[in-house]
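Okay, structure first, notes after.
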Amino acid sequence: MPVPDPYSMYFVAVSCPAAINDKVQKHKLWMRDHFGCTVALKSAAHITLVTPFWLKNESEQLLTDTLQSFQTDKLPVEIQLQNFSHFSDRVIFVTVDENQQLGILRKETEDHFIQSFRNIIKPDERPFHPHVTIANRDIKPGDFIKAWEHFSKEKLEESFRTNTVSLLKLTAEKWTVIAEKQC
């Protein structure tokens, strides 16, 4: 019998409702069918608050306890999704309208997890640019131009209100919500 890996990968996010996930999924499947992009299919539609990190499996209970102890007055938050954009030629995503409340929620969430996991989770030094990924990492440079030509003409306008923060774990090559906190 194989020995289980002592580490797993996790991240913290705001998950999109099922109806929005279904719409986003159709765009991810379009990228798979036209360009072979499958990385973004590993997770449901979400907005990352704490970027992925590795943690020993034996610390998972502490991680879920940390999520459950999270307190904020920034929820519920209203989120507006508006069309598509991209980061260079590597990522295509659904744009999240600028939202100060969401930015503060991200900072509070990151700070809370760093308190318990100082040596594991590091502050994300990049400016917060909330988005819902359609394709990333596996877009070939020559395919990006064709894909962006398609998405630059597509429209997507959705909104949702949430009071939940989710903890996700990479299991069997798929990201799964393992715990949620309603604030």
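Residues that are at pLDDT below 95 and either among the hydroxyl-bearing types (Ser, Thr, Tyr) or surrounded by 20 or more Cβ atoms within 10 Å (Cβ to Cβ) (or both) within the stretch 76-92 comprise just one, Ser88. Listed conditions (1) under 18 Å from Pro17 (Cβ atoms); (2) in contact with a helix residue (DSSP H, G or I) (Cβ under 7 Å, 6 or more places away or on another chain) are all met by Ala135, apart from (1). When Val24, Val3 are checked against the criterion of being at pLDDT 95 or above and either over 16 Å from Trp175 (Cβ atoms) or of a type in the set (Val, Ile, Thr) (or both), Val24 stands alone in meeting it. Between Leu29, Leu49, Leu41, the distinction of being touching a residue at least 12 places away in the same chain (Cβ under 8 Å), surrounded by 13 or more Cβ atoms within 10 Å (Cβ to Cβ) and over 13 Å from the mean Cα position of the chain (by Cα) belongs to Leu29 only.
It is to be established whether one or more residues within the stretch 110-122 are surrounded by 19 or more Cβ atoms within 10 Å (Cβ to Cβ) and aromatic (Phe, Trp, Tyr). For the stretch 110-122, residues surrounded by 19 or more Cβ atoms within 10 Å (Cβ to Cβ) and aromatic (Phe, Trp, Tyr): present. Are any residues in the stretch 149-183 part of a helix (DSSP H, G or I), surrounded by 12 or more Cβ atoms within 10 Å (Cβ to Cβ) and more than 21 Å from the chain's Cα centre (by Cα), and if so, which ones? Within the stretch 149-183, His150 is the sole residue that qualifies.
The values are calculated or read from the model by the stated rules, or taken from the named source; none is laboratory data. Quick caveat, the model's predicted, so the values are computed rather than measured. FYI the Cβ positions are ideal-geometry reconstructions off the backbone, even for glycines, and counts take in every protein chain you see.
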